[in-house]
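The values are calculated or read from the model by the stated rules, or taken from the named source; none is laboratory data. Everything numeric in this text was worked out from a predicted model, so none of it was measured. Cβ placement follows ideal geometry from the backbone for every residue including glycine, while neighbour counts extend to all protein chains displayed.
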Amino acid sequence: MKRICIIGISGKLGQYMAEHALSLGYEVNGVCRPESAHKLARFGDRIKLFPGRTDSRPTIARALRGCEGVLTVLAPWGVENYASGTARAVLDNADNGARLIFSCGWHTTRDGRDGIR
């Protein structure tokens, strides 16, 4: 069976991708901040979760072991090169030949009336 890892699995896009990958028969590893892990309770033991900062090299290294694909789908928060640290950890720890996809977004507002809920 093929295994993928979703970095940012607790977000809306990450959860959608996890559900889709599971429906196609993939094993799914996921990384998210520990305080967001509760959002994934509905998956139970169908996914293998690696709670930790997504720029944590040891966390990323454990989560990527044996993965044929890595989907990095997260909104960068904070400063101090957090998103860059995530990208570097993935690039340095992915298995040779693994397919890597990076998608990074941030909520923006045009009129200031909408927000993250």
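Can you tell me how many residues in the range 11-32 are within 17 Å of Leu64 (Cβ to Cβ) and of a type outside the set (Asp, Glu)?
10
Just checking, which of Ile9, Ile4 is under 18 Å from Thr86 (Cβ atoms) and either touching an Asp or Glu at 6+ places or on another chain (Cβ under 9 Å) or not in a loop (DSSP other than H, G, I, E, B) (or both)?
Answer to the selection: Ile4.
Let me confirm something: among Ala21, Ala37, which residue is over 11 Å from the mean Cα position of the chain (by Cα), within 16 Å of Ser103 (Cβ to Cβ), at pLDDT 95 or above and not in a strand (DSSP E or B)?
Ala21
What is the number of the single condition among (1) of a type in the set (A, V, I, L, M); (2) closer than 25 Å to Glu19 by Cβ; (3) in contact (Cβ under 8 Å) with a residue 24 or more places away in the chain that Ala61 does not meet?
(2)
Of all residues in the range 7-41, how many are among the charged types (D, E, K, R) and under 20 Å from Asp55 (Cβ atoms)?
Qualifying residue count, the range 7-41: 3.
From Thr72, Thr54, which residue is part of a loop (DSSP other than H, G, I, E, B), surrounded by 12 or more Cβ atoms within 10 Å (Cβ to Cβ) and in contact with a helix residue (DSSP H, G or I) (Cβ under 7 Å, 6 or more places away or on another chain)?
Exactly one of Thr72, Thr54 is part of a loop (DSSP other than H, G, I, E, B), surrounded by 12 or more Cβ atoms within 10 Å (Cβ to Cβ) and in contact with a helix residue (DSSP H, G or I) (Cβ under 7 Å, 6 or more places away or on another chain), namely Thr54.
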